[in-house]
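So the structure is just underneath, and the comments pick up after that.
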Amino acid sequence: MMDFEHKNNDFWQPANKPQDGQPAPQAMEPVTQSQPPVQQSVPQVMEPVAQSQPLVQQPVPQDESIQQQAEPQPFAAGTQSYATYQQWQAAEAKKHRKKEKKPHSRKPLIAIGSVAAAAVLFLGGVAFGGGFRGSNEVPSASSSGNLPVLSISNTPTSDSKKQNAGGEMAGEDIYKKLNTSIVAIQAGGNQAASSGSGVIMSKDGYIITNAHVVLDENTSQPMQNVSVLLADSQQLDAEVKGYDEQTDLAVLKVEPKSPLTPAEFGDSDALQVGETAYAIGSPGGVQLANSMTSGIISAINRNITVNDRVMNLIQTNVTVNPGNSGGALINKYGQVVGITSAKLGISYYEGLGFAIPINSAKEIVDELIQTGYISGRPSIGIRGQDVSEQQQRFYNLPAGVQIASIDSRAKAASEGLEIGDIITAVNGKAISSMNEVNEIKEGMKAGEQLTLTVYRPTAQKSLDLKITLTDSHDLEGTDPAEEQQQQQQRDAREYYNGGYDEFDPFQFFFGY
């Protein structure tokens with residue numbers, strides 16, 4: 001799950017109590033930040049989670065209170081979306097109480113987030129030819145059998161010597177064009193909640209967002225309550241029609257009362273370094289919904305390793321904050337060319353954001369809409385780590401990838417592979433990293449066999465194993481064997497601690 005950052009607002013309290021006979025003061029005095037909070041949080045022994053700031057109700061100035069009471073409020077009380085919003089607030093406050101302090105590393109790190117998604121592919125709206133034009137009726141793609149597909153428009157030609165030539169738009173015009181095509185999203189589950197953005201894909205209610213926005217980080221399954229807030233404050237319940245953890249992409253479906261405004265997509269292959277770019281999303285949640293930032297395209301075709309996979313991304317200095325995930329990266333012609341994500345970035349570096357090119361997303365999106373998942377993608381069904389040079393020298397091990405776990409649902413689990421084995425070659429080609437394993441594997445299909453050369457430290461020998469690749473869709477979610485093992489460990493801990501979780505008082509002083 002993604003982290004969220006919220007600006008802390010001052011708490012308000014009455015000024016000094018007036019003496020008898022004196023009129024009551026009309027102003028409210030803000031309490032300085034040095035004052036202690038009203039209520040102290042009691043330390044609890046909980047598993048650490050990502051840092052987050054609590055969501056604080058925005059103070060309403062006295063002269064605007066009547067007007068705000070009359071206007072419709074986002075995620076109003078009594079609605080299903082408000083229940084989801086409350087879950088999100090509670091989860092954010094809980095994470096703030098449990099947050100830990102970690103020392104800064106000297107090395108740049110890819111901010112992966114909490115979901116085991118590989119990378120993000122973004123799209124916004126689908127251009128539907130002329131099928132829906134001139135009609136106020138909301139067509140049903142499912143009833144007609146004609147499901148939408150992602151359509152990419154040509155990039156207008158421009159003369160760089162002439163201002164606004166060839167269709168180039170000013171920033172304010174781009175916002176007017178796409179504001180109604182961007183939505184804020186809240187998702188809530190049993191013990192998880194998240195906030196993000198999305199782009200309207202079709203008039204009949206298909207919306208694209210990131211998978212990690214709507215998936216429970218504990219179960220990797222969609223959360224029960226997903227709500228969408230439109231630019232006009234209309235609130236709609238959403239259904240997760242399909243998702244793909246590997247690309248961190250999901251498709252939502254809402255039932256609008258009137259046709260929605262889909263975004264226009266542009267050719268991401270036509271982007272040039274240095275050209276103006278924009279992003280629209282909801283950094284920090286619905287309170288800052290549909291915020292716009294600007295910058296330039298910093299680089300294209302950046303190969304960034306995320307979750308053991310090399311992703312080809314667009315680099316930009318457009319500000320991308322938590323809550324922007326699922327929002328749009330936009331070119332100077334007002335076309336969506338990529339999906340921004342707060343999951344991708346270098347920690348403590350400024351002006352460094354990434355987005356997935358829209359041209360790479362088309363195939364994924366179209367299949368998610370048609371089937372709800374991506375089929376045929378090959379997977380060995382293992383998790384591993386590269387053997388470092390220090391480990392090679394100290395333990396006398398070969399270069400390669402050491403297997404940390406094997407999914408019990410994978411065909412490899414019954415084909416001789418063991419935890420602790422070190423993969424040194426794939427199909428006869430020597431490898432030294434998981435990236436190299438994936439490069440060879442991605443050129444194959446589910447059901448095909450590859451040959452793994454492994455070194456088994458327990459036997460101090462090498463052997464060749466024929467491994468059948470498993471469809472990655474069959475390995476989604478938690479491995480049942482791993483889940484059962486974790487439950488047994490929890491039961492054993494409760495038994496030996498008299499029904500209480502293990503207590504370590506030193507964690508309050510040193511953290512984890």
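Of all residues in the stretch 366-401, those being touching a Phe, Trp or Tyr at 6+ places or on another chain (Cβ under 9 Å) and not small (Gly, Ala, Ser) number 7.
Applying the condition of being open to solvent by less than 50 Å² (accessible area, probe 1.4 Å) and outside any loop (DSSP other than H, G, I, E, B) to the stretch 379-391 and asking which residue is nearest to Val240 (Cα to Cα) yields Ser379. Among the residues of the stretch 410-428, how many are on the phi < 0 side of the Ramachandran plot, touching a residue at least 24 places away in the same chain (Cβ under 8 Å) and not basic (Lys, Arg)? Qualifying residue count for the region: 12. Scanning the stretch 395-412 for residues that are among the polar types (S, T, N, Q) and not in a loop (DSSP other than H, G, I, E, B) yields a count of 2. For the stretch 355-378, which positions are assigned to a strand (DSSP E or B) and crowded, with 21+ Cβ neighbours inside 10 Å? Within the stretch 355-378, Ala355, Ile356, Pro357 qualify. Within the stretch 217-226, the set of residues being touching a residue at least 60 places away in the same chain (Cβ under 8 Å) and open to solvent by less than 20 Å² (accessible area, probe 1.4 Å) comprises Val226 only. Taken over the stretch 178-213, the criterion of being open to solvent by 10 Å² or more (accessible area, probe 1.4 Å) and of a type in the set (D, E, K, R) is satisfied by Lys203 alone. Remark: Tyr455 matches the filter, which requires a residue to be of a type in the set (Ser, Thr, Tyr), surrounded by 15 or more Cβ atoms within 10 Å (Cβ to Cβ) and outside any loop (DSSP other than H, G, I, E, B). You will find that of Gln335, Gln287, the residue that is buried (at least 17 other Cβ atoms within 10 Å of the Cβ), at pLDDT below 95 and not β-branched (Val, Ile, Thr) is Gln287 and no other.
Residue-wise test of (1) part of a strand (DSSP E or B); (2) open to solvent by less than 40 Å² (accessible area, probe 1.4 Å); (3) under 30 Å from Gln385 (Cβ atoms); (4) modelled with pLDDT under 90.
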residue	(1), (2), (3), (4)
Pro256	no, yes, no, no
Tyr278	yes, yes, no, no
Asn303	yes, no, yes, yes
Val310	yes, no, yes, yes
Leu313	yes, yes, yes, yes
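Could you tell me whether Thr247 is in contact with a Leu (Cβ under 6 Å, 6 or more places away or on another chain), of a type outside the set (A, V, I, L, M, F, W, C) and not in a strand (DSSP E or B)? Criteria met by Thr247.
Lys445 satisfies every condition listed in (1) at pLDDT below 95; (2) open to solvent by less than 70 Å² (accessible area, probe 1.4 Å) except (2). Of all residues in the stretch 400-434, those satisfying the criterion of being aliphatic (A, V, I, L, M) and open to solvent by less than 40 Å² (accessible area, probe 1.4 Å) are Val401, Ile403, Ile406, Ala410, Ala412, Leu417, Ile422, Ile423, Ala425, Val426, Ile431, Met434.
The values are calculated or read from the model by the stated rules, or taken from the named source; none is laboratory data. Note that the coordinates shown come from a computational prediction; the quantities given were computed from them, not determined experimentally. When we count neighbours, we look across all protein chains shown, and the Cβ atoms used for this are built from the backbone with ideal geometry, even at glycine. Accessible surface is based on the protein model in full, side chains and every heavy atom, while ligands, DNA and RNA are left aside. Shrake-Rupley method; radii C 1.70, N 1.55, O 1.52, S 1.80 Å.
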